[in-house]
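Readers should treat all values here as calculations from the given coordinates under stated rules, not as data from a laboratory. Just so you know, these numbers come straight off a predicted model, no measurement behind them. Glycine also receives a Cβ, built like all others from the backbone with ideal geometry; neighbour counts cover every protein chain displayed.
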Amino acid sequence: MSYPIELRDEDMMPFGAHNDKTMEEVPASYLLYMKGVLEQSKEKGKLSQDGIRVLRYIKENLDVLDKQAQEDNRKGWQKRSNP
């Protein structure tokens, strides 16, 4: 199967807990977590082609993902504070 080199928002997450979602549907906090996991795999020389594509997507969208994760955390905090 042939994949485009770059992942786009509408492409499916190729692996992991959210592999049934498009990249834009995957929670930002999960992608930020995966960044650390994938970078460790890369350092060990064990990063798959899909891993490379996901890591590249995360790095290209890092500013947006950071902002979204902060907003999600703020909303979660408000929800817990105001039952």
Checklist entry - How large is the helix-only mean residue ellipticity at 222 nm for the chain, computed as the sum of -39500 (n - 2.57) over DSSP H runs with n ≥ 4, divided by its residue count, in deg cm²/dmol to the nearest 500? => result -19000 deg cm²/dmol
Next on the checklist: Among K44, K67, K35, which one shows the highest mean-square fluctuation when the chain is modelled as a Gaussian network with alpha-carbon springs under 10 Å?
Outcome noted: K44
Item to check | Mean separation of Cα contacts under 8 Å (6+ apart) over length of the range 23-77, as relative contact order % | outcome: 47
Checklist entry - Along the range 58-66, what does the Karplus equation 6.51 cos²θ - 1.76 cosθ + 1.60 (θ = phi - 60°) give for ³J(HN,Hα), rounded to whole Hz, x for Gly and Pro? => result 4, 5, 5, 10, 4, 4, 5, 5, 4
Item to check | Sequence-distant residues sharing a close amide H with K21 (under 5 Å, placed H) | outcome: M13
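Work through the residues other than M13 whose Cβ is under 13 Å from its Cβ and net out their charges, Lys, Arg +1 and Asp, Glu -1. Intermediate values should be presented prior to the final figure.
Working: positive: R8, K21, R53; negative: D9, E10, D11, D20, E24, E25, D50.
Summing Lys and Arg as +1 and Asp and Glu as -1 gives -4.
Determine the dipole magnitude for the range 23-77: charges of +1 sit on the beta-carbon of Lys and Arg, -1 on that of Asp and Glu, nothing else is charged, the reference point is the Cα centre, and the result goes in debye to the nearest 20. All intermediate terms of the calculation are to be shown ahead of the outcome.
Details: 10 positive and 10 negative charges, 47 e Å.
It works out to roughly 220 debye.
Assuming a ≥ b ≥ c are the square roots of the Cα gyration tensor eigenvalues, decide whether the chain counts as rounded (a/c under 1.5), prolate (otherwise, with a/b larger than b/c) or oblate.
Numbers: a/c = 2.37, a/b = 1.81, b/c = 1.31.
Prolate is the answer for the chain, as a/c is 1.5 or above and a/b outweighs b/c.
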Checklist outcome for this item: Among A17, A28, A69, the residue with the largest mean-square fluctuation in a Gaussian network model of the chain built from Cα contacts under 10 Å is A17
Checklist outcome for this item: In terms of the charge dipole of the range 23-77, which places +1 on Lys and Arg and -1 on Asp and Glu at the beta carbon, the residue among S41, Q70, I58 farthest towards the positive end is S41
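What FRET efficiency, computed as 1/(1 + (r/R0)^6) with R0 = 22 Å and r the Cβ-Cβ distance, is obtained for L32 and E10, rounded to the nearest 0.05? Mind dumping the intermediate values first?
Working: r = 20 Å, r/R0 = 0.93.
Calculated transfer efficiency: 0.60.
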